[in-house]
1. Please go through the stretch 135-158 and pick out each residue that is at pLDDT below 70, assigned to a strand (DSSP E or B) and within 17 Å of Thr52 (Cα to Cα).
2. Taking only pairs six or more apart or across chains, which ones have beta-carbon atoms under 7 Å, a first residue in the stretch 104-122 that is under 9 Å from Ala29 (Cβ atoms), and a second residue that is assigned to a helix (DSSP H, G or I) and modelled with pLDDT of 85 or more?
3. Would you tally the residues in the stretch 58-98 being open to solvent by 70 Å² or more (accessible area, probe 1.4 Å), farther than 25 Å from Gly120 by Cβ and modelled with pLDDT under 80?
4. Does Gln100 fit the bill of being free of Cβ contacts under 8 Å to residues at least 24 places away in the same chain and either closer than 30 Å to Lys143 by Cα or not acidic (Asp, Glu) (or both)?
Amino acid sequence: MGKILLIVSGFSHLKADGSLERYKARLVAKGYTQTYGVDYQETFAPVAKMNTVRILLSLAAHFDWQLLQYDVKNAFLHGDLDEEIYTNIPPGFEKDTSNQVCRLRKALYGLNQSPRAWFGRFAKMMKELGYRQSQGDHTLFIKHSAAQGRVTALFSLCR
């Protein structure tokens, strides 16, 4: 398994007057070139059920629980890849790299398996921190602390 995926990188931000503000690089895999069964096996990543969200919000309102929301910046870039995936070396390297490739160890935006890789890492970390994964909604993680009289519920909303 494994395939070379071309990547797109590099663009510039312009000011309103048209002058260059800064250069910015972003690597995005051309996931549409991937073939199911060759480059990846699974893409499914669970998404929180709306009933779970409604119930948690209802409980929080009824019991006056504190609600906190966090956003993981560049979440998909934190997913670990199980498959061997290679990319061309991005443009801008000074040496001749026409016959060289890079192996991806982490997911990139655009890969079909990025959401699954991210959720797999998220779920593993939550379990290591003592959270139990709900069987009714796999995106819900619960941790009860009798000493502090606290119930912590986390859920993942991948878009």
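1. First, pick out the residues of the stretch 135-158 that are at pLDDT below 70: 148-158.
Next cut, assigned to a strand (DSSP E or B) only: 150-155.
If the condition is that a residue be at pLDDT below 70, assigned to a strand (DSSP E or B) and within 17 Å of Thr52 (Cα to Cα), then Val151, Thr152, Ala153, Leu154, Phe155 are the ones that fit.
2. Close Cβ pairs (under 7 Å, with a partner that is assigned to a helix (DSSP H, G or I) and modelled with pLDDT of 85 or more) amount to Ala107/Ala117; Ala107/Trp118.
3. So the count comes out to 7.
4. Values: free of Cβ contacts under 8 Å to residues at least 24 places away in the same chain: yes; either closer than 30 Å to Lys143 by Cα or not acidic (Asp, Glu) (or both): yes.
Answer is yes for this residue.
The values are calculated or read from the model by the stated rules, or taken from the named source; none is laboratory data. The structure presented is a predicted model; accordingly, all values stated were derived computationally and were not measured. A quick note on method: Cβ atoms are made from the backbone with ideal geometry, for glycine too, and the neighbour counts reach across all protein chains shown. Ligands, DNA and RNA are excluded from the accessible area calculation, which covers all protein heavy atoms including side chains. Shrake-Rupley method; radii C 1.70, N 1.55, O 1.52, S 1.80 Å.
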